[in-house]
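This report concerns only the one structure given below.
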Amino acid sequence: MADLSIDFVGIKSPNPFWLASAPPTDKAVNVLRAFEAGWGGVVWKTLGEDPPVVNVHGPRYSALLSPDRQVMGFNNIELISDRPLATNLKEIREVKRAFPDRAMVVSLMVPCQEASWKNILPQVEDTGADGIELNFGCPHGMSERGMGAAVGQVPEYIQMVTEWCKHYSKMPVIVKLTPNITDVRYPARAAKKGGADAVSLINTINSIMGVDPRTLTMVPSTAGKGSHGGYCGPAVRPIALNMVAEIARDPETAGIPISGIGGIGTWRDALDFLALGAGSVQVCTAAMVYGFKIVQDMASGLSNYMDDMGIQSIAEITGRAVPTVSDWRFLNLNHISKAVIDTDKCIECGRCHVVCEDTSHQAITATKDGQRHFEVKEEECVGCNLCVSVCPVEDCITLRDLAPGEIDLRTGLPVSAEPLNWTAHPNNPMRVAA
């Protein structure tokens, strides 16, 4: 049977599924219930200095819904913990004693002053917590006060604060990165230079969910006004995966442990993050939509997958897909694929024809011998995968790779067995010799 336990920078937990720093980890009653449900760890909701922050007493969340009212994304304007620091520290100590085998990481955010960090770190360490996560990602409210993303967008600040934390604490330091930046590799490099034991990402993305069509005012609003917030949930997962992979394959940060965050709701989502470099995964939105017991399906699903694949440990998965991630310029331009429609599975909805005809390469028929019939015209198909993406029937449309020597009907030329990428392509005026 697969072993789901992990050792993440010395922080041990029975499985890689942690609750992210957010409302679900704000107090002992929630965290105790989460551990009873089976979560391997939590990142306690971000603590700050006293007096605590004040949250709005009105709408803090709004959602992007699919046509069948599935939550695709949350927008959130809640700030860090609004409870007294002493109350949080007392509860962290109690929960860790009750569940010593679970990971207890504490998220922190205080002013960018050495004295503030020097003051709070020993208080957290005294609780018996396993590690700290530096919240350099919060994009709303706190960033207006020079904290959160205001720090995370300046590599020099990241390095400086990380160095303070490594100096004043013996706990592992995880740096939580903001996605609201042009290139996530630079803050990750700064965290590593500062001595960070790991990074976690992504935090939420700056967003506004919309406008009330009746009043033409922003929604949600508090007394008629609203604020941009942090966007999370399934819709941000591709963005998060890209940033995790960029850090995992960057020569300057390769090897730094990563805790993956962003739209994880199933074991399958978690697998993507693990394979692209994460050693643990953090979940928030899915727990807020479906409750804490979703971890049971996540854990059993991942365990069954590992058993089926003959994989013994999470470490065997972590980073396995990273070598397959490349820059576009290194892709093989001599590789040729063609779409194939399985007529036995086809329900003749016509979506493939419409999108190909209107927006792509006019490579799918709509009729044959006067009858409704959908078939790929290989002489026009470029293998773009759009038809596969929009087809409502799984595996009805697939891509077939042409073998070396096979004639590409679109060009009339045989497929070359020799790979050729853009760096050496004859159309590239900056090409290099093969």
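The values are calculated or read from the model by the stated rules, or taken from the named source; none is laboratory data. Please read all numbers here as calculations on a predicted model, not as lab measurements. Glycine gets a Cβ as well: all are built from the backbone with ideal geometry, and neighbour counts include every protein chain shown.
So the check is Cβ under 6 Å with 6+ separation or different chains; which pairs have a first residue in the stretch 327-338 that's in contact (Cβ under 8 Å) with a residue 40 or more places away in the chain and a second one that's in a helix (DSSP H, G or I)?
Within 6 Å, the pairs are Arg329/Trp422; Arg329/Thr423.
Pick from Met218, Met243, Met171: which is in contact with a strand residue (DSSP E or B) (Cβ under 8 Å, 6 or more places away or on another chain), without any contact (Cβ under 8 Å) to a residue 12 or more places away in the chain and of a type in the set (A, V, I, L, M, F, W, C)?
Answer to the check: Met218.
Of (1) surrounded by fewer than 20 Cβ atoms within 10 Å (Cβ to Cβ); (2) assigned to a loop (DSSP other than H, G, I, E, B); (3) not small (Gly, Ala, Ser), Glu163 satisfies all except one. Which?
(2)
Out of Gly310, Gly301, Gly319, report the one residue that is in contact (Cβ under 8 Å) with a residue 60 or more places away in the chain and either within 30 Å of Asn15 (Cα to Cα) or touching a helix residue (DSSP H, G or I) at 6+ places or on another chain (Cβ under 8 Å) (or both).
Gly319
Out of curiosity, is Ile174 closer than 14 Å to Glu246 by Cβ, under 20 Å from the mean Cα position of the chain (by Cα) and either assigned to a loop (DSSP other than H, G, I, E, B) or hydrophobic (A, V, I, L, M, F, W, C) (or both)?
For Ile174, the condition - closer than 14 Å to Glu246 by Cβ, under 20 Å from the mean Cα position of the chain (by Cα) and either assigned to a loop (DSSP other than H, G, I, E, B) or hydrophobic (A, V, I, L, M, F, W, C) (or both) - is not met.
In the list Ala235, Ala254, which residue meets the criterion of being in the same structural domain as Asp126 (by TED's automatic domain parsing) and closer than 24 Å to Ile132 by Cα?
After ruling out the rest, the residue left standing is Ala254.
Checking the conditions here, which among Pro155, Pro187 is crowded, with 16+ Cβ neighbours inside 10 Å, touching a residue at least 40 places away in the same chain (Cβ under 8 Å) and at negative phi?
After ruling out the rest, the residue left standing is Pro187.
Given (1) buried (at least 16 other Cβ atoms within 10 Å of the Cβ); (2) assigned to a loop (DSSP other than H, G, I, E, B), where does Val43 come up short, assuming only one miss?
(2)
Being touching a Lys or Arg at 6+ places or on another chain (Cβ under 9 Å) and either of a type in the set (D, E, K, R) or more than 20 Å from Arg33 (Cα to Cα) (or both) narrows it down to one residue among Asn135, Asn119; which is it?
Asn135
Could you tell me whether any residue of the stretch 179-188 is more than 21 Å from the chain's Cα centre (by Cα) and part of a helix (DSSP H, G or I)?
No, because not a single residue in the stretch 179-188 is more than 21 Å from the chain's Cα centre (by Cα) and part of a helix (DSSP H, G or I).
Would you mind stating whether Ala196 is touching a residue at least 60 places away in the same chain (Cβ under 8 Å), of a type outside the set (S, T, N, Q) and over 28 Å from Val54 (Cα atoms)?
yes
Residues of the stretch 249-274 being assigned to a helix (DSSP H, G or I) and surrounded by fewer than 24 Cβ atoms within 10 Å (Cβ to Cβ), which ones?
Arg249, Trp267, Arg268, Asp269, Leu271, Asp272
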